[in-house]
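Undergrad: Here's a structure for you.
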């Protein structure tokens with residue numbers, strides 16, 4: 001029975017060896033000529049000004065994460081609606097629980113001010 005897992009182990013070793021070899025080769029073959037322009041801070045095509053410590057506001061990332069969260073909710077709602085007649089009451093209760101949890105998370109984020117940009 002253990003012999004059934006030998007191909008998986010061999011594949012894992014091959015993948016690990018390839019990853020290590022790729023990292024080692026890229027380190028060995030990469031040019032190593034540092035200069036001030038390469039060491040300069042660069043973010044999204046905007047030239048650094050002043051001390052170059054200005055970064056995107058954390059609220060940008062918070063709104064982006066909330067968008068992804070609620071986008072995933074929509075992705076889960078579609079297959080549920082397609083198979084609703086086959087899963088019956090159990091599926092309805094599970095989806096209602098899922099939606100209630102997401103509404104609670106949305107209300108929490110709203111109350112904390114995560115959706116306000118000012």
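Every number here is computed from the coordinates shown, using simple stated rules; none is lab data. As the structure is a prediction and not an experimental result, all values here were calculated from the model. Using ideal geometry, Cβ is built from the backbone for each residue, glycine included, and neighbour counts are taken over all protein chains shown.
Undergrad: Spin-label point model (7 Å from Cα, Cβ direction): what's the residue 76 to residue 99 distance in nm?
TA: Taking the simple label geometry, residue 76 and residue 99 are separated by 1.3 nm.
Undergrad: Separate question: Computed over the Cα atoms, what is the radius of gyration of the chain divided by 2.2 N^0.38 Å, N being its residue count?
TA: Cα-based Rg divided by the globular estimate yields 1.83.
Undergrad: Once the piece of chain linking residue 39 and residue 84 is laid out straight, how much longer is it, given 0.36 nm per residue of separation minus the C-alpha distance between them?
TA: Working it through step by step, the gained length comes to 10.6 nm.
Undergrad: Right, something else. Checking a compactness column here: for the stretch 50-112, what do you get for Rg(Cα) / (2.2 N^0.38 Å), N being the number of residues?
TA: Dividing the Cα Rg of the stretch 50-112 by 2.2 N^0.38 Å gives 1.62.
Undergrad: What is the distance, in nm, between label points placed 7 Å from the Cα along the Cα-to-Cβ direction at residue 69 and at residue 28?
TA: The modelled label-to-label distance comes out at 4.7 nm.
Undergrad: Would you mind getting me the FRET efficiency between residue 59 and residue 107? Use the beta-carbon distance for r and R0 = 22 Å, nearest 0.05.
TA: 0.75
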